[in-house]
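What follows is a set of notes on a single structure, which appears directly below.
Laboratory data are not the source of any read-out in this text; all were calculated from the coordinates shown. What you see is a predicted model, and the numbers here were worked out from it, not measured in a lab. Here the Cβ is made from the backbone with ideal geometry for all residues, glycine too, and neighbour counts use every protein chain on show.
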Amino acid sequence: MAGKRSYRDAPVWRITVDEKMGADLFRVLICGLAPGVHEFSDRLEDWGPEEEVWIRPRTFARLLGLPAEPELREAFAWKRLSEGQVFLSGAFQALGDRDSPLGFRLSPGRREFLRLDQVKAFRERLKRQYSDALRGRG
């Protein structure tokens, strides 16, 4: 019998900082890119099931798949984490402008890390989804 597929088996992860549990503990939700998906965005069907992961200052960089570059480590430092942040980590490239991508493409061999909740198109989709949910459309 095959084992359950984990986000760790996927080439790209979507990471949501869910809840700050204390000064040195966050709960994050991580899901891997769904099998067979090569071009993706934040659509639910692009992603596998979320897994709950507990991160601490000593382990978060490894558990989130942060690249080793010092400037990225500083930009995504522990002290900057907060609830509601959403990141992409892994082998992908932005389609179009990195600051305002149209979507993303699987790109084996690459190593990227991007804060998705700062992307305008993502924020706008999230506002629409929230509004629709409040109005009972959804």
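Brief remarks follow.
- Each of S89, S107 was scored by other Cβ atoms within 10 Å of its Cβ. Listed from fewest to most, they are S107, S89.
- For the range 7-134, the Kirkwood radius over C-alpha pairs fed into Stokes-Einstein at 10 °C and 1.306 mPa s yields D = 105 µm² per second.
- Theoretical FRET efficiency, 1/(1+(r/R0)^6), r = Cβ-Cβ of D97 and H38, R0 22 Å, to 0.05: 0.65
- Within the shell defined by Cβ-Cβ distances under 14 Å, the residues around F92 carry a net charge of +2, with Lys and Arg each +1 and Asp and Glu each -1.
- Principal axis box of the range 1-77, alpha-carbon based, largest edge first, Å: 37, 26, 25
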